[in-house]
Amino acid sequence: MDGAGKLLGLGVGPGDPELLTIKAARLLRGAQVVAWFAKSGKTGHARRIADGYLAPDAEELRFTYPYTTEFPKRSDEYRDAMAAFYDDAAERIAAALDDRRDVALLCEGDPLFYGSFMYMHDRLAARYAIEIVPGVTAMAACWSRAGLPMTRGDDCLSVLAGTLDEDTLARRLKSADAAVIMKVGRHLGKVRRALDRAGLSDRAVYVENGSTPDERIVRLPDMPTDDSPYFSLVLVPTGRATS
Ligand SMILES: C[S@@+](CC[C@H](N)C(=O)[O-])C[C@H]1O[C@@H](n2cnc3c(N)ncnc32)[C@H](O)[C@@H]1O
């Protein structure tokens with residue numbers, strides 16, 4: 001639409017507010033409307049990170065994820081409920097854009113890396129101008145905090161989702177030079193077994209809430225429990241020695 005506002009997909013980094021880029025901070029301070037996703041009853045990780053950067057008079061649009069625990073994640077019902085939720089969020093953003101206001105959508109880490117922002121991009125990119133500001137990814141923050149050289153020379157890095165089944169994880173890990181396993185949370189037990197099968201447990205490092213005051217970094221074999229929060233990942237650095 002002519003004269004419509006612009007959608008800004010702002011990567012706000014993984015937790016430490018100082019890991020937000022200067023560009024994201026500048027755009028955020030000037031944003032008239034700030035939108036963000038959050039689980040029910042929670043402040044929202046991206047909103048918390050951005051707290052010190054919002055203009056005092058910014059209008060906020062909160063999108064609260066629906067309770068979908070009654071549906072299995074791969075079911076049609078779950079997919080339909082999430083699609084309806086994202087349709088509604090996109091239309092609320094579109095209304096503000098039609099009103100000639102820019103909307104800054106806060107994205108934890110990088111917007112285009114496993115981010116809900118992509119669902120807004122899918123729905124709105126054909127109709128509105130969109131500017132995306134990259135963010136520091138969780139994995140980069142976590143390997144920096146852990147001080148782990150991840151890849152050397154012609155190593156290839158595999159990024160895997162902890163939600164995969166154990167056989168697939170084990171198979172992909174066996175052929176990986178170095179790996180990151182995202183979305184560990186309640187899948188930690190399965191992730192451990194897959195790493196064991198791939199012979200990589202000794203190299204694996206577990207990080208939860210990386211770059212925040214609640215950060216925990218521990219070699220995976222020394223992690224005493226499988227009780228792990230949503231904001232957790234496992235790093236497997238290269239086995240290649242320094243030259
Ligand atoms: C939906 S993905 C979002 C990824 C994000 N867009 C990025 O660029 O890293 C959420 C997953 O990212 C990882 N994650 C995000 N923030 C993290 C943090 N501070 N510490 C550890 N893992 C984190 C966890 O694996 C979590 O399950």
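The values are calculated or read from the model by the stated rules, or taken from the named source; none is laboratory data. Just so you know, these numbers come straight off a predicted model, no measurement behind them. When we count neighbours, we look across all protein chains shown, and the Cβ atoms used for this are built from the backbone with ideal geometry, even at glycine. Just the protein is used for accessible areas: all its heavy atoms, side chains included, with ligands, DNA and RNA removed. Shrake-Rupley method; radii C 1.70, N 1.55, O 1.52, S 1.80 Å.
Side notes on the structure shown:
- Chymotrypsin sites (Phe, Trp or Tyr not before Pro) within the stretch 189-243, DSSP loop, no more than 13 other Cβ atoms inside 10 Å: Y230
- The dipole here belongs to the stretch 160-243: it is taken about the Cα centre, uses +1 on the Cβ of Lys and Arg and -1 on the Cβ of Asp and Glu, and is about 320 debye.
- Ellipticity estimate at 222 nm from DSSP helix runs (n ≥ 4, -39,500 (n - 2.57)) divided over the chain, nearest 500: -9000 deg cm²/dmol
- Mean sequence separation of contacting Cα pairs (under 8 Å, at least six apart), scaled by the length of the stretch 1-111, corresponds to a relative contact order of 48 percent.
- Carbon and sulfur %, accessible surface of the stretch 139-236 computed with the full protein complex present, 1.4 Å: 46
- DSSP bridge analysis restricted to the chain gives an antiparallel fraction near 35%, rounded to the nearest 5.
- When each full DSSP H helix of the chain is screened for a Cα extent of at least 18 Å along its own axis and an average Kyte-Doolittle hydropathy of at least -1.0, the helices passing are 76-98.
- Modelled this way, with points 7 Å down the Cα-to-C-beta line, the labels at T64 and R79 are 2.8 nm from one another.
- Based on C-alpha pairs under 8 angstrom that are at least 6 apart in sequence, the chain has a relative contact order of 22 percent.
- FRET efficiency for R240 and V218, using Cβ-Cβ distance with R0 set to 30 Å, rounded to 0.05: 0.85
- Length gained when the stretch E91-T43 is fully extended (0.36 nm per residue, less Cα-Cα span): 15.1 nm
- DSSP-loop GluC sites (Glu not before Pro) across the stretch 1-86, with at most 12 other Cβ within 10 angstrom: E70
- Against the empirical 2.2 N^0.38 Å (N residues), the stretch 139-236 has a Cα radius of gyration ratio of 0.97.
- Per-peptide average of other Cβ atoms within 10 Å, ordering 149-158, 2-11 highest first: 2-11, 149-158
- For the stretch 141-181, averaging the sequence separation of C-alpha pairs within contact (under 8 Å, six or more residues apart) and dividing by the residue count gives a relative contact order of 45 percent.
- Solvent-accessible area per residue, Å², over the chain with all protein chains present [probe radius 1.4 Å]: 51
- Accessible surface of the stretch 7-136 [probe 1.4 Å, protein heavy atoms]: carbon and sulfur percent: 51
- The alpha-carbon positions of the chain define a convex hull whose volume is 146 Å³ per residue.
- Bridge type composition, the stretch 7-136 - antiparallel percent by DSSP, nearest 5: 5
- Here r is the Cβ-Cβ distance between D2 and T151 and R0 is 30 Å; the resulting FRET efficiency, rounded to 0.05, is 0.05.
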